[in-house]
Amino acid sequence: MTTTTPFPYAGLLDALETSGESGAVDAKAAALIPLLKAYRATLQAASDTTLAADELRRYQKYAKPGKPSAHIVQLRQKQAAARQASSIARQSLIKAAAVYVREAAIDVPERMPLDAFITGWIHANLPKDADTSA
């Protein structure tokens with residue numbers, strides 16, 4: 001998958017990484033860097049999964065009945081790889097979110113998935129880049 005979706009927090013992530021190299025970052029901000037990287041990977045994996053599913057749907061629509069063509073098989077493998085990447089990205093988001101929630105002393109509501117909570121928290125509390133604030 002070669003398409004990239006614009007990451008709305010790229011400027012913030014770059015600023016944190018450059019300040020992290022100079023050593024002027026606290027533990028809370030240091031835990032935010034892997035969280036934002038994991039969130040970026042999750043968004044990219046979701047985009048790739050959607051793209052692969054759309055492409056497979058487009059070609060499978062006109063496929064002849066019977067044994068699938070080599071191209072359809074490749075598209076199914078591509079979709080499976082995209083789904084696996086999406087699962088791995090979600091797991092890394094959950095791990096990074098657990099570290100950040102612990103460092104920042106954020107109270108997570110009961111019976112709410114951590115990834116859903118942290119995604120909403122990111123959207124509500126972190127500033128988006130000016131060029132991607134659509």
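Quick notes on this one:
- With both labels modelled 7 Å from their Cα along Cα-to-Cβ, the E17 to N125 distance reads 2.3 nm.
- Order of exposure, largest accessible area first, which applies to E17, E110 with probe 1.4 Å: E110, E17
- Stretchable slack from A29 to S87, in nm (0.36 nm times residue separation minus alpha-carbon distance): 18.3 nm
- Protein heavy-atom surface of the chain, 1.4 angstrom probe: 56% of the accessible area is carbon and sulfur, with nucleic acids and ligands not counted.
- At a probe radius of 1.4 angstrom, the accessible area of region 48-134 per residue rounds to 71 square angstrom.
- Considering only A97, A41, P8, the residue lying farthest towards the positive end of the dipole of the chain is A41, judged by Cα position with unit charges set on Cβ.
- I118 accessible area, 1.4 Å probe, all protein chains in place, Å² to nearest 10: 0
- Only Lys, Arg (+1) and Asp, Glu (-1) charged, at Cβ; region 1-127 dipole about Cα centre in debye: 1000
- A Förster radius of 25 Å combined with the Cβ-Cβ distance from S47 to V108 puts the calculated FRET efficiency at roughly 0.40.
- In percent, rounded to a whole number, the relative contact order of the chain is 37, using alpha-carbon pairs under 8 Å and six or more apart.
The values are calculated or read from the model by the stated rules, or taken from the named source; none is laboratory data. Predicted model only: the values in this text are computed from it and were never measured. Positions of Cβ are backbone-derived with ideal geometry, glycine not excepted, and every protein chain shown enters the neighbour counts. Keep in mind that these areas ignore ligands, DNA and RNA; they rest on the heavy atoms of the full protein, side chains included. Shrake-Rupley method; radii C 1.70, N 1.55, O 1.52, S 1.80 Å.
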